[in-house]
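Scroll down for the structure; my scribbles are underneath it.
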Amino acid sequence: AARPLKRRQPKKSNELPHPNKLPGIFDDRHGSHGRQVCRRHELYVSFQDLGWLDWVIAPQGYSAYYCEGECSFPLDSCMNATNHAILQSLVHLMKPDTVPKACCAPTKLSATSVLYYDSSNNVILRKHRNMVVKACGCH
Amino acid sequence: GGGPGPRPPHSCPQRPLGARERRDMQREILAVLGLPGRPRPRAPPATARLPASAPLFMLDLYHAMAGDDDDDGGGAPERRLGRADLVMSFVNMVERDRGLGPQEPHWKEFLFDLTQIPAGEAVTAAEFRIYKVPSTHLLNTTLHVSVFEVVQEHFNRESDLFFLDLQTLRAGDEGWLVLDITAASDRWLLNRDKDLGLRLCVEAEDGHSVDPGLAGLLGQRAPRSRQPFMVTFFRATSSPARAPR
């Protein structure tokens, strides 16, 4: 006898999760599958290690924070947060209804300043605004 | 580039970064610092040079700038910095005196090489800083110190000058004299390969020209920590687009 056909559930995967409903770090959907959850790392760049102290006057080094791990959003989750966040935020600005705001978009950015000699002995003080992720969305 | 919808999770590298990856990441982060590459200073290492006047002044500015790095959210910026995000100090290359001797007027000229100014930066302020000690020749009279830009030199007549700033002080004063030369920045940004010439003139109250050296203004022969220099404050005119890795 012919079996009644089951009503197919509409596939959910075509829906982009609404940004407010992105799974967060405490959502067990991350943990339970054993994937590495997104964590913040610190990478200290020592100018001394790089042998650059003969031309960099200050600072002695630079702390960069970056995220590494599994973040559930459509972009490549292997990039570091600095690149990651800026790119995701830019794409979200351009296509707000297709690309959600990155869950680890930087919530606090700070500037970096560096003082160094150029090759003509001039002393240069450069400040880059909104360049260093101090805290990102995941944490 | 695929359609919307969650993508299959990537497996991230779980191992610590390798030496090459670490170096690549450091190099990229230093690019964030706006360090285009490692310049080859033509002089001894930074620490040996530090007592010079320009680095000392810039280090002072660096501490002020670094102090407000964290609250980029727009606290009151350090007064001297305003909204500058690049400050360059230039040490003068050539100093010419038309000083001792009967002919007037007396003046002192400084030439600066500005070829290192990066494109895309707008000058927000520019200063010429020269140290003055108490004059041992002039009683405590009033002096007028003016600075001009040497727009064009002629071999058979006086140079074309453009007035920039005037400061009045006492012959017995001591300290850094700061002269505003911002007005000259339009011209030097238009032709970067030309050195910037500044001429300093000193006049007494009665209008007679005074030799800047006798007035106590120090030139290149001053101790390193008191040599004259120029400092320029820039603001980036277009935001640099970072290339994603």
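The values are calculated or read from the model by the stated rules, or taken from the named source; none is laboratory data. Because the structure is predicted, anything quoted here is derived from the model rather than measured. Here Cβ is always computed from backbone atoms with ideal geometry, including for glycine, and neighbour counts include all displayed protein chains.
Of the residues making up segment B:123-137, those that are at pLDDT 85 or above and either assigned to a loop (DSSP other than H, G, I, E, B) or touching a Lys or Arg at 6+ places or on another chain (Cβ under 7 Å) (or both) number 5. Given the condition under 25 Å from A:Ala58 (Cβ atoms), at pLDDT 60 or above, of a type in the set (A, V, I, L, M) and out of contact with any Lys or Arg (no Cβ under 6 Å at 6 or more places or on another chain), answer yes or no: does some residue in segment A:96-106 qualify? Scanning segment A:96-106, I find no residue that is under 25 Å from A:Ala58 (Cβ atoms), at pLDDT 60 or above, of a type in the set (A, V, I, L, M) and out of contact with any Lys or Arg (no Cβ under 6 Å at 6 or more places or on another chain), so the answer is no.
In this structure, is B:Leu50 aliphatic (A, V, I, L, M) and at pLDDT 65 or above? Spell out the reasoning first.
Values: aliphatic (A, V, I, L, M): yes; at pLDDT 65 or above: no.
Against the criterion (aliphatic (A, V, I, L, M) and at pLDDT 65 or above), B:Leu50 does not qualify.
Cβ-Cβ distances below 6 Å connect the following pairs, each with a first residue in segment B:155-172 that is farther than 28 Å from B:Ala125 by Cα, a second residue that is in a loop (DSSP other than H, G, I, E, B), and a separation of six or more residues or different chains: B:Gly172/B:Pro134; B:Gly172/B:Asn140.
Within segment B:190-224, the set of residues being crowded, with 18+ Cβ neighbours inside 10 Å and part of a strand (DSSP E or B) comprises B:Leu196, B:Gly197, B:Leu198, B:Arg199, B:Leu200, B:Cys201, B:Val202, B:Glu203, B:Val210, B:Leu217.
When segment B:68-87 is filtered for residues that are more than 9 Å from chain A (Cβ to nearest Cβ) and modelled with pLDDT of 60 or more, the ones remaining, listed by number, are B:Gly82, B:Arg83.
Please verify whether B:Val151 is over 20 Å from B:Ala215 (Cα atoms) and either among the hydrophobic types (A, V, I, L, M, F, W, C) or surrounded by fewer than 14 Cβ atoms within 10 Å (Cβ to Cβ) (or both), treating the condition exactly as stated.
Numbers: over 20 Å from B:Ala215 (Cα atoms): yes; either among the hydrophobic types (A, V, I, L, M, F, W, C) or surrounded by fewer than 14 Cβ atoms within 10 Å (Cβ to Cβ) (or both): yes.
Answer is yes for this residue.
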